[in-house]
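Let me begin by presenting the structure, written as structure tokens, before commenting on it.
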């Protein structure tokens with residue numbers, strides 16, 4: 001590899017790929033930031049420009065996902081029930097996620113193998129849920145209903161995402177979200 005330059009194109013993407021490779025090869029706990037940076041052809045300093053720590057490499061897109069979900073609720077038709085507004089938002093956010101299926105598969109396997117990462121995943125999902133609840137409250141949904149709908153929506157997302165990431169690729173994430181939401185509603189109504 002040539003000399004490391006100060007501003008490399010797509011440094012964050014290169015760091016993410018390097019981290020995934022190393023986490024898959026050596027394990028999350030055995031991989032250092034220095035090794036990730038070296039594999040990406042960058043410096044540790046560059047790593048820390050993009051990520052607070054080596055865990056955040058796996059959760060980098062959470063802020064963008066949250067923005068898309070909140071925007072999806074804001075854009076949902078006013079007459080939609082809270083859970084349906086969340087379903088519309090989840091489907092709207094599915095497109096960009098589908099573009100990173102291989103990353104998602106590797107990411108899920110790495111998280112599943114590490115309790116620390118599982119905990120971080122739960123924290124990120126809780127943060128997404130609170131953002132969804134706040135978006136519903138802005139639509140005039142009562143606090144308890146907003147929290148319940150948001151939590152149910154996050155459960156749908158979690159189940160659908162795992163099914164999609166581990167699936168054969170025949171169904172889109174949006175389709176699986178739709179199916180999972182319908183199944184959750186059927187369970188809730190005793191159907």
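Bear in mind that the values in this text are calculations on the coordinates, not laboratory data. For clarity, every value in this text was computed on a predicted model and none was experimentally measured. Cβ coordinates were reconstructed from backbone atoms using ideal geometry, including for glycine residues, and neighbour counts include every protein chain displayed.
Note down, for region 70-191, the three equivalent ellipsoid semi-axes (square root of 5 times each alpha carbon gyration tensor eigenvalue), biggest first, whole angstrom. Let's see the in-between values first.
Values: eigenvalues 117, 55, 38 Å².
Equivalent ellipsoid semi-axes, largest first: 24, 17, 14 Å.
What is the distance in Å between the Cα centroid of region 137-186 and that of region 108-136?
Cα centroid to Cα centroid, the span is 14 Å.
Which order results if 104, 172, 34 are arranged by neighbouring Cβ count within 10 Å, fewest first? Show your work: numbers first, answer last.
On the way: 104 19, 172 15, 34 11.
If I rank by nearby Cβ atoms, fewest first, I get 34, 172, 104.
Would you mind ranking 43, 31, 168, 144 so that the residue whose beta carbon has the fewest other beta carbons within 10 Å leads the list?
Details: 43 17, 31 21, 168 6, 144 9.
Least to most surrounded, the residues fall as 168, 144, 43, 31.
Working only with C-alpha atoms, what are the Rg and Dmax values of region 11-57, expressed in angstrom?
Cα only, region 11-57: 9.0, 25 Å (Rg, Dmax).
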